[in-house]
Amino acid sequence: MDSQEDSLKPTPVVRAAAFSVHIFTAFGAAIALLAMLEAVREHWAAMFGWLGVALIIDAIDGPIARLLDVKTVQPNWSGDVLDLVVDFVTYVFVPAYAIVASGMLLPVAAPLLGIAIIVTSALYFADLRMKADDNHFRGFPALWNAAAFYLFLLHWPPLSSTLLVAALVVLTFVPFHVLHPVRVVRLRWLTMSLIVLWGVLAFYVLEMDFRVGTGVTVALCAIAFWIAFSDALIRLVRSFE
């Protein structure tokens, strides 16, 4: 009986492979440190480049973990908790610093909005209702890396940027649905195609240090509009059928 149970236990190689996925996920936090160092130097394009690397890690570590059955092989280590820790520093903390320190906001409002971003995002990450049953996010999903990217891209006057950030802080707790680019099944082929296009255009923007033409800016804003409001638009269209 004991020998049969031993044969079912994962081998040291399998356990090591499973734990390496956690290490890979944790490297996202290390990448966040590199991004922060670039932000302190005001090398904004380089900062977003490192945040892009962290985004890639976040996109592929989950499928790898499921492939290796990490939750079963390494039950004492929570990939979900680790993922939230890394996401907070890459999606929220570093971008919040960039938004506050870049001079894009009204000086009197910048530190207050920075605090609001950190506090509301921490609460959002702790909300067990952050995702709907169909895998849409509820409210603005604390994607402050994306918000910061668009603030640098659009380079609006400080008052407009301040109002946008304040609106996103409020929208964190407004129960509208925001598309999860990977997990929402409906029109996934279209969403994934747009995400690939977004990645190509975003890389070009960083290469050009945000000095790009109107066409690229409009395309990137249209993709953001699809992610944020496609569910509301589809529901509206269906209501007239």
TODO: Grab the DSSP H runs of the chain that are 4 residues or longer, score each as -39,500 (n - 2.57), total them, divide by all residues and round the 222 nm result to the nearest 500 deg cm²/dmol.
DONE: -23000 deg cm²/dmol
Open item on the list: Given a 1.4 angstrom probe, what's the average accessible area per residue across segment 95-241, in square angstrom?
Closed with: 55 Å²
Open item on the list: Above 20 Å lies some portion of the pair distances; for segment 117-241, what is it as a whole percent of all C-alpha pairs?
Closed with: 50 percent
- [ ] Using only Cα atoms, tell me the angle between helix 158-171 and the longest principal axis of the chain; keep it within 0 to 90° and round to the nearest 10.
- [x] 40 degrees
- [ ] Would you mind telling me the share, in percent, of accessible area of the chain contributed by carbon and sulfur at probe 1.4 angstrom?
- [x] 72 percent
TODO: Go through H43, H180, H136 and list them by solvent-accessible area, largest first, probe radius 1.4 Å.
DONE: H43, H180, H136
- [ ] Give me the angle, in degrees from 0 to 90, between the Cα long axis of helix 144-154 and the longest principal axis of the Cα atoms of the chain, rounded to the nearest 10.
- [x] 30 degrees
- [ ] Apply the Kirkwood formula to segment 181-240: the hydrodynamic radius equals the inverse of the mean of 1/r over all pairs of different alpha-carbon atoms; give it in Å with one decimal.
- [x] 12.7 Å
Task: Inter-probe distance in nm under a simple model that places probes 7 Å from Cα toward Cβ, at L233 and A101 - done: 3.6 nm
Task: Average projection area in nm² (convex hull over Cα atoms of the chain, one quarter of hull surface) - done: 16.2 nm²
TODO: Calculate how steeply helix 12-40 sits against the longest principal axis of the alpha-carbon atoms of the chain, using the helix alpha-carbon long axis, and give the answer as 0 to 90 degrees to the nearest 10.
DONE: 20 degrees
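The values are calculated or read from the model by the stated rules, or taken from the named source; none is laboratory data. Quantities reported herein were computed from a predicted structural model and do not represent experimental measurements. Every residue, glycine among them, receives a Cβ derived from its backbone with ideal geometry; neighbour counts consider all protein chains shown. Side chains are part of the model used for accessible areas, which takes the heavy atoms of the whole protein and leaves out ligands, DNA and RNA. Shrake-Rupley method; radii C 1.70, N 1.55, O 1.52, S 1.80 Å.
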